[in-house]
Amino acid sequence: MLSTEEKELIAHIWEKMIPVASEIGSESLHRMMTTFPGTKTYFSHLDIRPESLQMQSHGKKIVLAIAECSKDISSMMVTLEPLQALHAYKLKIDPGNFKLLSHCLIVTLAAHMGSEFDPVAHAAMDKFLSAFAAVLAEKYR
Ligand code: ZNH
C-alpha cells in the first residue's frame, strides 16, 4: 500500500538517520516512556535517563533495525521475523506498545527534520511504521 515514491522517501529519510541513530532512538524511547509511563515496565533493568549509555545503545539498535528494513520494504515480513519472535516470545511486549513507539518516532523525526518532514513525508512514514508495527505484532495472533 506504499507507492514506489513513498518507499523511496522512507528509505531516504532512514538512511539520513543512520549517523544520528542513537540520538533519534534514545529521544523516541524517552518520549515513549514519558508520555506513556506504562512502557517503562519493560526497561526496569536499564538506566532509562535519556543520556544514559544504555538508552543511547538501545535507541541506536531500534533505529538501525528500522533503517535496514526500510531499504527493502516489500521483504519486511521476512526480515522482521527474528524481531517478531524476540518481542512476542522472549520479551512478551504487549503489541499495543508498538503503536506508541511509532508515534514517538514520528514526533522525534518531525522535531529533527523540521520543514523537511512535510505532510507527504509524515503520511508515508505513518503508513510505513503502521505496517512495521503490524508485522511485529503478527506472532501474537
Ligand atoms: Zn524492541 C530489544 C527493535 C519496539 C522493548 N528491540 C530490541 C532490539 C531491537 C528492537 C533491534 C535489540 C535486539 C537484540 O539485541 O538482538 N523494538 C524494535 C523496533 C521496534 C521496537 C524496531 C518498533 C518500531 N521494543 C519495542 C517496544 C517495546 C520494546 C514498543 C516496549 C515498550 N525491545 C524492547 C526490550 C528489548 C528490546 C525490553 C530488550 C532491551 C535490552 O537491552 O534488554
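Output the number of residues of segment 4-17 satisfying the condition of being over 17 Å from residue 102 (Cα atoms) and of a type in the set (Val, Ile, Thr).
Qualifying residue count, segment 4-17: 1.
If you go through segment 42-54 one residue at a time, do you hit one that is of a type in the set (Asp, Glu) and either closer than 27 Å to residue 3 by Cα or modelled with pLDDT under 95 (or both)?
yes
Residue by residue through segment 1-47, note down the ones that are among the aromatic types (Phe, Trp, Tyr) and either in contact with a strand residue (DSSP E or B) (Cβ under 7 Å, 6 or more places away or on another chain) or exposed (fewer than 15 other Cβ atoms within 10 Å of the Cβ) (or both).
None - no residue of segment 1-47 is among the aromatic types (Phe, Trp, Tyr) and either in contact with a strand residue (DSSP E or B) (Cβ under 7 Å, 6 or more places away or on another chain) or exposed (fewer than 15 other Cβ atoms within 10 Å of the Cβ) (or both), so the list stays empty.
Which of (1) surrounded by fewer than 17 Cβ atoms within 10 Å (Cβ to Cβ); (2) within 9 Å of the ligand (Cβ to nearest atom); (3) more than 25 Å from residue 124 (Cβ to Cβ) is the odd one out, the single condition residue 52 does not satisfy?
Among (1) surrounded by fewer than 17 Cβ atoms within 10 Å (Cβ to Cβ); (2) within 9 Å of the ligand (Cβ to nearest atom); (3) more than 25 Å from residue 124 (Cβ to Cβ), residue 52 violates only (2).
For segment 65-80, name all the residues that are out of contact with any Phe, Trp or Tyr (no Cβ under 9 Å at 6 or more places or on another chain) and surrounded by 15 or more Cβ atoms within 10 Å (Cβ to Cβ).
Those that are out of contact with any Phe, Trp or Tyr (no Cβ under 9 Å at 6 or more places or on another chain) and surrounded by 15 or more Cβ atoms within 10 Å (Cβ to Cβ): 65, 79.
Anything in segment 86-100 that is of a type in the set (A, V, I, L, M, F, W, C) and surrounded by 13 or more Cβ atoms within 10 Å (Cβ to Cβ)? List them, or say none.
Correct list: 86, 88, 93, 98, 100.
Quick grid of which residues meet (1) closer than 19 Å to residue 12 by Cα; (2) part of a helix (DSSP H, G or I); (3) within 10 Å of the ligand (Cβ to nearest atom):
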site	(1), (2), (3)
46	no, no, yes
64	yes, yes, yes
69	yes, yes, yes
89	no, yes, no
97	no, yes, yes
114	yes, yes, no
122	yes, yes, no
128	yes, yes, no
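Pick from 80, 101: which is in contact with a Ser or Thr (Cβ under 7 Å, 6 or more places away or on another chain) and within 9 Å of the ligand (Cβ to nearest atom)?
101
The values are calculated or read from the model by the stated rules, or taken from the named source; none is laboratory data. Computed from a prediction, not measured in an experiment: that's the story for all the values here. Every residue, glycine among them, receives a Cβ derived from its backbone with ideal geometry; neighbour counts consider all protein chains shown.
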